[in-house]
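The values are calculated or read from the model by the stated rules, or taken from the named source; none is laboratory data. Note that the structure is a prediction, hence the values are computed from the model and not measured. Every residue, glycine as well, gets a Cβ built from its backbone with ideal geometry; the counts of neighbours run over all protein chains shown.
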Amino acid sequence: GAVVSQHPSWVICKSGTSVKIECRSLDFQATTMFWYRQFPKQSLMLMATSNEGSKATYEQGVEKDKFLINHASLTLSTLTVTSAHPEDSSFYICSARDQGTYTLSNTEAFFGQGTRLTVV
Amino acid sequence: KQEVTQIPAALSVPEGENLVLNCSFTDSAIYNLQWFRQDPGKGLTSLLLIQSSQREQTSGRLNASLDKSSGRSTLYIAASQPGDSATYLCAVNSGGYQKVTFGTGTKLQVIP
């Protein structure tokens, strides 16, 4: 299957600093990528939909000024957690679909390895 | 808005048992449904993908079924092993932008 690479896999930062997480589709192009967040012992919740060349679409309750998303190319989307605080500590994961095989019959989403963010 | 629920939330079984995990979703207009496993502190491992036009998919000891009209999917694990211990998530692909909505998860423990 297609590969989505997410970097870094884990990061520890001080409260008040910003952290950038990258999500790359390695062997396919993705017009749309998705960012999820998972708090301990909870399921994954969609934060935002990242669209190449346009503004991201955020889910209700997600602060767009705090979680900046940039999808500058068909293979890269970034999530920046600005002015991070301990309550932002979570597991962040991205997913993407292969634009080249975007049909109703083949729409498998491929996921990155995830990034564990700890804010101290 | 799509909502996905998994039952049971946790399950503990002795090694060798066959087991069934359940997933239900509220909007039957889906593109596909995926089953994942997640080990503690780790990312997602895709297990099976069922397209909306399919009824079931099999991979080794795993079999997933889909009844789109009733909004249900089941994951059948045969001859469970301790290595199967993990949290199992079902994820439904539906709606605009084909968003993936995750279920609440079933935490499985297989006891040796």
Can you list residue pairs whose Cβ atoms sit under 8 Å apart, with the first residue in segment B:16-28 being among the small types (Gly, Ala, Ser) and the second being assigned to a strand (DSSP E or B)? Count only pairs 6 or more apart in sequence or on different chains. B:SER24/B:VAL4; B:SER24/B:THR5; B:SER24/B:GLN6; B:SER24/B:ILE7; B:SER24/B:ARG72; B:SER24/B:SER73
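Does B:ALA91 meet the test of being under 19 Å from A:TYR36 (Cα atoms), touching a strand residue (DSSP E or B) at 6+ places or on another chain (Cβ under 9 Å), within 14 Å of chain A (Cβ to nearest Cβ) and of a type in the set (Gly, Ala, Ser)? Talk me through it step by step, then tell me what you get.
Details: under 19 Å from A:TYR36 (Cα atoms): yes; touching a strand residue (DSSP E or B) at 6+ places or on another chain (Cβ under 9 Å): yes; within 14 Å of chain A (Cβ to nearest Cβ): yes; of a type in the set (Gly, Ala, Ser): yes.
So B:ALA91 fits the description; yes.
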Which residues, counting only those in segment B:1-31, are farther than 27 Å from B:GLY95 by Cβ, of a type in the set (Gly, Ala, Ser) and out of contact with any strand residue (DSSP E or B) (no Cβ under 6 Å at 6 or more places or on another chain)? B:GLY16
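Answer yes if at least one residue in segment A:12-22 is in a loop (DSSP other than H, G, I, E, B) and within 13 Å of chain B (Cβ to nearest Cβ), and no otherwise. Can you show your working first?
We begin by selecting, within segment A:12-22, every residue in a loop (DSSP other than H, G, I, E, B); these are A:14-18.
Within this subset, residues satisfying the condition of being within 13 Å of chain B (Cβ to nearest Cβ) are none.
No - not one qualifying residue is present in segment A:12-22.
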Looking for something within 10 Å of the chain's Cα centre (by Cα), surrounded by 15 or more Cβ atoms within 10 Å (Cβ to Cβ) and of a type in the set (D, E, K, R) - is there at least one such residue anywhere in segment A:78-99? no
Yes or no: segment B:35-47 includes at least one residue that is in contact (Cβ under 8 Å) with a residue 60 or more places away in the chain and touching an Asp or Glu at 6+ places or on another chain (Cβ under 9 Å). no
Determine, yes or no, whether B:ALA79 is surrounded by fewer than 15 Cβ atoms within 10 Å (Cβ to Cβ), more than 9 Å from chain A (Cβ to nearest Cβ), over 15 Å from the mean Cα position of the chain (by Cα) and closer than 28 Å to A:VAL4 by Cα. no
Residue within segment A:57-70 that is among the charged types (D, E, K, R) and either closer than 25 Å to B:ILE50 by Cβ or within 13 Å of chain B (Cβ to nearest Cβ) (or both) present: yes
Would you say A:SER54 is buried (at least 18 other Cβ atoms within 10 Å of the Cβ) and either assigned to a loop (DSSP other than H, G, I, E, B) or modelled with pLDDT under 90 (or both)? no
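When segment B:72-110 is examined, which residues are found to be in contact (Cβ under 8 Å) with a residue 60 or more places away in the chain, hydrophobic (A, V, I, L, M, F, W, C) and in a strand (DSSP E or B)?
We begin by selecting, within segment B:72-110, every residue in contact (Cβ under 8 Å) with a residue 60 or more places away in the chain; these are B:78-82, B:88-95, B:98-110.
Filter again for hydrophobic (A, V, I, L, M, F, W, C), leaving B:78-79, B:89-92, B:100, B:102, B:108, B:110.
Answer for segment B:72-110, where residues must be in contact (Cβ under 8 Å) with a residue 60 or more places away in the chain, hydrophobic (A, V, I, L, M, F, W, C) and in a strand (DSSP E or B): B:LEU89, B:CYS90, B:ALA91, B:VAL92, B:VAL100, B:PHE102, B:LEU108, B:VAL110.
Pick from segment B:20-47 the residues that are of a type in the set (A, V, I, L, M, F, W, C) and either assigned to a loop (DSSP other than H, G, I, E, B) or under 26 Å from A:SER90 (Cα atoms) (or both): which of them is nearest to the other protein chains (Cβ to nearest Cβ)? Show your work before the answer.
Pass one, segment B:20-47, residues of a type in the set (A, V, I, L, M, F, W, C): B:20-21, B:23, B:25, B:29-30, B:33, B:35-36, B:44, B:47.
From what is left, the residues that are either assigned to a loop (DSSP other than H, G, I, E, B) or under 26 Å from A:SER90 (Cα atoms) (or both) are B:23, B:25, B:29, B:33, B:35-36, B:44, B:47.
On the way: B:CYS23: 12, B:PHE25: 13, B:ALA29: 12, B:LEU33: 11, B:TRP35: 12, B:PHE36: 8, B:LEU44: 5, B:LEU47: 12 Å.
So the residue we want is B:LEU44.
Let's see how each residue does on (1) among the acidic types (Asp, Glu); (2) modelled with pLDDT under 95; (3) touching a Gly at 6+ places or on another chain (Cβ under 8 Å):
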position	(1), (2), (3)
B:THR26	no, no, yes
B:PRO40	no, yes, no
B:LEU49	no, yes, no
B:THR58	no, no, no
